[in-house]
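A quick write-up on the structure given underneath.
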Amino acid sequence: MLENIINKSYRNTGNDDVLNFVKEKGIVLDIGCGGGDNAKLLKERGFEVDGITISDSELKSAFPYLRKGYLYNLENGLPEEAKGNKYDYIICSHVLEHICYPEKLLNDIRACMNPGAILIVALPNLFHFKSRWELLKGNFNYNTSGIWDNTHFKWYSYKTGVQLLEQHGFKVEYKTVTGMLPGASFFSKIFSSKTSLLCYNMLKKISPGFFGYQLLYVAVSK
């Protein structure tokens, strides 16, 4: 399993839902930086970014956008070199679900946060309505990506994501979910994008755990 994770290279266009919380200038630690997609966007916005990944190929891709890059297995927490720094923002975008025992990592994160620093966490939501439907049908089939990615060791709900952070010395100051309106492809032919977003925002207020595909938390050290 570890070999599969090391050899797997994650590339995307960055996670704007996460990066929107990185506002005032400061030093950013992108934990599980992948190929540098978030780091690239942050660098373009004037931020200095350090990144950590377990994949050598990812680190090579991310390196042009990083102040410092670390090749490290996050099951062991943070690398010693990173623990010697202090950060204003720490990002864990779709990382913690890949860690069997996140206690060490979360403790190390707290120790390297500047006063007033924030931790931004994004997690896949196992209890999204599509997953619930599959579970009701008795299906639990691993995939190569998405909520049931075959490299996920942990699954979290809207509630247990908060518990994870608060049990390890953080205070969650803001929580939300992102996703799409059910039947989005159909309703896009009827509603404007603004109306679809308004409808989705109403639904996620009713049940964030049901309609949220991605769980988002902003936390500070207690």
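Could you please rank Ser221, Ser193, placing first whichever residue has the fewest other Cβ atoms within 10 Å of its Cβ?
Ascending number of Cβ neighbours within 10 Å: Ser193, Ser221.
Give, as a single signed number, the net charge of other residues whose beta carbon lies under 15 Å from the beta carbon of Gly169, with Lys and Arg counted +1 and Asp and Glu -1.
With Lys, Arg at +1 and Asp, Glu at -1, the net is 0.
For the stretch 92-222, what is the number of Lys pairs with C-alpha distance below 17 angstrom, counting only pairs 8 or more positions apart or on separate chains?
13
From the P(r) of the chain, can you give the percent of Cα pairs sitting at distances over 32 Å?
It works out to 18 percent of all Cα pairs.
For Lys43, list the lysines whose Cα falls under 22 Å from its own Cα; do not include residues on the same chain fewer than 8 positions away.
Lys23, Lys25, Lys60, Lys68, Lys83, Lys86
Could you tell me which of rounded, prolate or oblate describes the stretch 108-222, using a ≥ b ≥ c as the square roots of the eigenvalues of the alpha-carbon gyration tensor, with rounded for a/c under 1.5 and, failing that, prolate when a/b is larger than b/c and oblate otherwise?
It comes out oblate by the Cα gyration axes.
I need the peptides 129-138, 37-46 ranked by packing, meaning the mean over residues of other C-beta atoms within 10 angstrom, with the highest value on top.
Top to bottom by mean Cβ count within 10 Å: 37-46, 129-138.
All of the numbers you see were taken from the coordinates with simple rules; none came from a lab. Predicted model, so just to flag it, every value in this text is computed and none were measured. Positions of Cβ are backbone-derived with ideal geometry, glycine not excepted, and every protein chain shown enters the neighbour counts.
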